[in-house]
Amino acid sequence: MKYINKNFTLIATISFSLFACNNEPKNTASQSHDSVHSTDKFEMPPMPEIAINSKVFIKNLKNGQQVRSPLFIEMGVSELSVDTANGVLKPASGHHHILIDMDSVATETVIPKDSLHIHFGNAQTSATLNLKPGTHKLTLQFADALHRSYGSKLTNSVILFVKEQ
C-alpha cells in the first residue's frame, strides 16, 4: 500500500507540474486586469494608434459647477471607440477611468484600481459617484484594453463644488 501511495503522489506531482507549465499565458495582449497589476514581468505590446484629433470629455458637467452627491456623470469620446477592458488591443479604442482629486496618469502607465481611480472596463459611458461636500477635481482618463493610460492627450478635467445635502 505504501508503494502505491508513493507512486500516486509522484504521478500527481509530475502531472500537476506539466499542467502548470503548459497553461502559462501565450499572448500578453490578452492579460487580465489583475495580471497587468501583478508583479509578474512580461513585455507589453505597443499602445494602440489613435487619431490626432481624438478626445474625451465629460458631457453633462461644467468646470466650476455646483452639484450635489450622488453625482451622475456622462462620459463621451470623439474619434474613439469605447470598448471593454478585455485585453484585446484595437486601434482608437479603450475605456474610461475617473480619477478623483488628481491629474492624468502618465502615458503607457497602468492605471491603479482603488477608491481614487475608478475603472469602467465594461465600456460604461455613464456613472454615479458619491462625493463628500467640498471642492473636487474629476479627471476623465482614457486607457487601452490593458488599462494603460493614453496620458494627458486623452483626459478632461472639471473642478466641481459639491454642496452639503
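The values are calculated or read from the model by the stated rules, or taken from the named source; none is laboratory data. Just so it is clear, the model here is predicted, and its values are computed rather than measured. Using ideal geometry, Cβ is built from the backbone for each residue, glycine included, and neighbour counts are taken over all protein chains shown. Note: areas computed on protein heavy atoms with side chains; ligands, DNA, RNA excluded. Shrake-Rupley method; radii C 1.70, N 1.55, O 1.52, S 1.80 Å.
Considering region 107-139, and only residues there that are more than 25 Å from PRO48 (Cβ to Cβ) and of a type in the set (A, V, I, L, M), the residue that is surrounded by the fewest Cβ atoms within 10 Å (Cβ to Cβ) turns out to be LEU116.
For region 102-140, residues that are within 19 Å of MET47 (Cα to Cα) and either in contact with a Cys (Cβ under 9 Å, 6 or more places away or on another chain) or among the small types (Gly, Ala, Ser) (or both) total 4.
For every residue, the table says whether it meets (1) of a type in the set (A, V, I, L, M, F, W, C); (2) touching a strand residue (DSSP E or B) at 6+ places or on another chain (Cβ under 7 Å); (3) open to solvent by 30 Å² or more (accessible area, probe 1.4 Å); (4) not in a strand (DSSP E or B).
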{"site": "VAL88", "(1), (2), (3), (4)": "yes, no, yes, yes"}
{"site": "PRO91", "(1), (2), (3), (4)": "no, no, yes, yes"}
{"site": "HIS97", "(1), (2), (3), (4)": "no, yes, no, no"}
{"site": "ASP103", "(1), (2), (3), (4)": "no, yes, yes, yes"}
{"site": "GLN141", "(1), (2), (3), (4)": "no, yes, no, no"}
{"site": "SER157", "(1), (2), (3), (4)": "no, yes, yes, no"}
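Suppose we keep only residues that are in a strand (DSSP E or B) and among the aliphatic types (A, V, I, L, M) within region 106-139. Which one would you say is farthest from VAL162 (Cα to Cα)? Going through the qualifying residues, I end up with VAL110.
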